[in-house]
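Enquirer: Next up is a structure, given as structure tokens.
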């Protein structure tokens, strides 16, 4: 017995190990990704440029031999792009895990409550109407996409509400209904878009081509607050796997937890979508894949799946930059092309021992 | 000391009333069964007590506090629920699921400690599921899962345990295992157990009190003897049943009778007298009564199985004191019943010096030319414990022209045709 008890507690140690490995992997792909791009910049230069950016170390190191354009490419193009990718990957994977938990369904994804179509409509309106203002320096398309995403989720949530309860089935159905409705409007806008069509389609496919530091700063606070808050509900999500009524019998305030988690999940998704456009697949596949690897306990599932999400997006974005040099492939295509087969492989391999 | 008081509780789903002013109270160490037909509100009653379905009127008081005024978590520390069936969405291990029972005692920032693990382990050992700890909850059998869920409920360290048909998916061995466990928890850990049952016999065997629900109301509440009466079962479930106390378990057992032919066909105009004993006539007697014949029997010793059957069926019989030979008085009383009958049936009972007079009664019946049917599958030599006297009498009967039947159905066909002859 003693053996079994310690074995159970030892998994906390194993969890730490998993997290450390994932963080190391994320570091690795970040460095690799910095090396990848149209411009060939030697790794030694990249290291020196990065060191120069660190305030105290930078003063000890003369910037001689480094071209200004190389410095610009690294610090103003590749770095913000990688950080935007990390934030988006983290947000989509975290909210995917949250939604799959709430809906007790591995088919749920961050877009299940209409976030994507709301964001798409917001962005499409901004692009087609050429709204010119900026909001505290943030691009209008970003702001409008965020507003659209949040508004769509609120609409879905209120449609689904029955008194003080929001049954998951009605949530899913009203999510589908609202998505279809909003997507139709977006399609209509594409028809009338004219010269803006290219920009709109490119936004809808999702990517980080235009990512800048201001995008990173715009969503960083939300991600930094939202994810730890959602993590506080990890055990609630575990217990909700038993069904809402049983979760309530075990002392979970289901309606309250569900409401908070829906708000957090939707805000995280809205934040991600507003700077990257619609990147599919990540929010669905990453939590699912991580569940196969580390098990269903949200206490480990959430951190490892958001790290995996970041690793996945950063790698896919690096690929997107190089596969068709000099042109770029939208990252959403890479995520689906690379993630799909790997996912199928895992499903086949673990078929016997894995159950929905 | 935990006490639960349900006072004037009424519930409705949408516009359909499901509970109508229910009131009862219960205390620790009580094992209460809830019985009732489908749709009588059993599960709703449990949902009301578990703070899942707020009643429109009335209150549920736990130690004097209205549970709907308490925080969800505080109720979960005291009330645990075992649902009919648990479907777990992801493949958690059994131990994971049992540890979820510790949730009411943990705050948002705590991880499960080794103390929680110890409680989970104890609960699983009590329900005999500790060996399944690392198995996935979606892979174990229905019975195993049920016991794991009970372990989870116990890990909550509750005062009140609510179970919705705890034995639904279990084989008979596990049913008894689970109910024995609940009984010992109830008595030793001072739990109040309230469980929905469908099986009268398990309920009467294990419950201190039974709530009988019918048509949204409590029909009867109290000890099994008080609740499980023939009348209550007939009114609530619309089946006729015999209720008896089992000599071995000393608890009530209920035997429902199949069909309701007696209500459609009346054959009371035709009297059948059974001469039986030692259990050889009980099933035929029951069948005849169910089919509506006017049945009498005798002479039967008190405590004889056939005597008990006749008493349960409430038919006229001639009784004799236990283990005593048939007296002259009883013999003559028996003859009077025979004379009133339209046919006599003789079953394959064992014959000793005590009851050999019953064969003489058959002879008397034949002499009065009352049609007599004799079941004759077991040879008389094997049933004769009178050194040949019974055999001699029996052969005499055969010579006098009794009708021989091999099965009960054949017997019934014969008396059916006798009746038809008489009325045509």
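Residues checked against (1) in contact (Cβ under 8 Å) with a residue 60 or more places away in the chain; (2) under 11 Å from the mean Cα position of the chain (by Cα); (3) crowded, with 24+ Cβ neighbours inside 10 Å:
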{"site": "A:250", "(1), (2), (3)": "no, no, yes"}
{"site": "A:270", "(1), (2), (3)": "yes, yes, yes"}
{"site": "A:273", "(1), (2), (3)": "yes, yes, yes"}
{"site": "A:282", "(1), (2), (3)": "yes, yes, yes"}
{"site": "A:300", "(1), (2), (3)": "yes, no, no"}
{"site": "A:327", "(1), (2), (3)": "no, no, no"}
{"site": "A:330", "(1), (2), (3)": "yes, no, no"}
{"site": "A:342", "(1), (2), (3)": "no, no, no"}
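Enquirer: State all residues of region B:55-73 that are surrounded by 15 or more Cβ atoms within 10 Å (Cβ to Cβ) and either at the interface with another protein chain (Cβ under 8 Å from one of its Cβ atoms) or in a loop (DSSP other than H, G, I, E, B) (or both); if no residue qualifies, say none.
Expert: Within region B:55-73, B:55, B:70, B:72, B:73 qualify.
Enquirer: Which numbered condition trips up residue B:52, out of (1) at the interface with another protein chain (Cβ under 10 Å from one of its Cβ atoms); (2) not in a loop (DSSP other than H, G, I, E, B)?
Expert: The single condition residue B:52 does not satisfy is (2).
Enquirer: Continuing with the same structure: Restricted to region B:81-91, and to residues that are touching a strand residue (DSSP E or B) at 6+ places or on another chain (Cβ under 7 Å) and within 7 Å of chain A (Cβ to nearest Cβ), which residue is surrounded by the most Cβ atoms within 10 Å (Cβ to Cβ)?
Expert: Residue satisfying both the conditions and the ranking: B:81.
Enquirer: Only one of (1) surrounded by fewer than 17 Cβ atoms within 10 Å (Cβ to Cβ); (2) closer than 25 Å to residue B:340 by Cα; (3) touching a residue at least 24 places away in the same chain (Cβ under 8 Å); (4) more than 41 Å from the chain's Cα centre (by Cα) fails for residue B:389. Which number is that?
Expert: (2)
Enquirer: Going by the conditions given, is residue B:176 part of a helix (DSSP H, G or I) and within 14 Å of chain A (Cβ to nearest Cβ)?
Expert: So residue B:176 fails the test.
Enquirer: Could you say whether any residue in region A:326-339 is assigned to a helix (DSSP H, G or I) and under 30 Å from residue A:13 (Cα atoms)? Steps first, please.
Expert: Taking region A:326-339 first, the residues assigned to a helix (DSSP H, G or I) are A:331-339.
From what is left, the residues that are under 30 Å from residue A:13 (Cα atoms) are A:339.
Yes: one or more hits.
Enquirer: Given region A:241-325, what helices (runs of 4 or more DSSP H) lie entirely inside it while holding 2 or more residues that are farther than 12 Å from residue A:92 by Cβ, out of contact with any strand residue (DSSP E or B) (no Cβ under 6 Å at 6 or more places or on another chain) and more than 11 Å from chain B (Cβ to nearest Cβ)? Steps first, answer last, please.
Expert: Details: elements: A:244-249, A:254-276, A:282-294, A:298-322.
Qualifying helices (runs of 4 or more DSSP H): A:254-276, A:282-294, A:298-322.
Enquirer: Turning to a different aspect of this structure: Which one of the conditions (1) touching a helix residue (DSSP H, G or I) at 6+ places or on another chain (Cβ under 7 Å); (2) within 14 Å of another protein chain (Cβ to nearest Cβ) does residue B:35 fail to meet, given that it meets all the rest?
Expert: In the conditions (1) touching a helix residue (DSSP H, G or I) at 6+ places or on another chain (Cβ under 7 Å); (2) within 14 Å of another protein chain (Cβ to nearest Cβ), residue B:35 misses (2) alone.
Enquirer: Assuming residue B:365 fulfils every condition listed in (1) closer than 19 Å to residue B:419 by Cβ; (2) buried (at least 21 other Cβ atoms within 10 Å of the Cβ); (3) out of contact with any helix residue (DSSP H, G or I) (no Cβ under 8 Å at 6 or more places or on another chain) apart from one, which condition is it?
Expert: Of (1) closer than 19 Å to residue B:419 by Cβ; (2) buried (at least 21 other Cβ atoms within 10 Å of the Cβ); (3) out of contact with any helix residue (DSSP H, G or I) (no Cβ under 8 Å at 6 or more places or on another chain), only one is false for residue B:365: (3).
Enquirer: For region B:290-346, please list each of the strands (runs of 3 or more DSSP E) lying entirely inside it that holds at least 1 residues being without any contact (Cβ under 8 Å) to a residue 40 or more places away in the chain. Lay out the reasoning, then the answer.
Expert: Numbers: elements: B:293-301, B:317-320, B:343-346.
Output list reads B:293-301, B:317-320.
Enquirer: For residue B:223, which of the numbered conditions (1) surrounded by fewer than 23 Cβ atoms within 10 Å (Cβ to Cβ); (2) touching a residue at least 40 places away in the same chain (Cβ under 8 Å); (3) within 30 Å of residue B:61 (Cβ to Cβ) fails to hold?
Expert: That leaves (2) as the condition not met.
Enquirer: May I pose another question? Can you name the residue in region B:94-139 that is without any contact (Cβ under 8 Å) to a residue 12 or more places away in the chain and either part of a loop (DSSP other than H, G, I, E, B) or buried (at least 23 other Cβ atoms within 10 Å of the Cβ) (or both) and, of all such residues, is nearest to the other protein chains (Cβ to nearest Cβ)?
Expert: Restricting to residues being without any contact (Cβ under 8 Å) to a residue 12 or more places away in the chain and either part of a loop (DSSP other than H, G, I, E, B) or buried (at least 23 other Cβ atoms within 10 Å of the Cβ) (or both), the top hit is B:108.
Enquirer: Now for a separate question. Among the residues in region A:1-20, are any within 14 Å of chain B (Cβ to nearest Cβ), at pLDDT below 85 and not in a helix (DSSP H, G or I)?
Expert: Taking every residue of region A:1-20 in turn, at least one turns out to be within 14 Å of chain B (Cβ to nearest Cβ), at pLDDT below 85 and not in a helix (DSSP H, G or I).
Enquirer: Among the residues of region B:39-49, which ones are within 14 Å of another protein chain (Cβ to nearest Cβ) and in contact (Cβ under 8 Å) with a residue 60 or more places away in the chain? Spell out the reasoning first.
Expert: Residues of region B:39-49 that are within 14 Å of another protein chain (Cβ to nearest Cβ), as a first pass: B:43-44, B:46-49.
Once the filter is applied, which keeps residues that are within 14 Å of another protein chain (Cβ to nearest Cβ) and in contact (Cβ under 8 Å) with a residue 60 or more places away in the chain, region B:39-49 yields B:43, B:46, B:49.
Enquirer: When you scan region B:17-49, how many residues do you find that are farther than 11 Å from residue B:217 by Cα and assigned to a helix (DSSP H, G or I)?
Expert: So the answer is 6.
The values are calculated or read from the model by the stated rules, or taken from the named source; none is laboratory data. For clarity, every value in this text was computed on a predicted model and none was experimentally measured. Cβ atoms come from the backbone with ideal geometry, glycine included; neighbour counts cover every protein chain shown.
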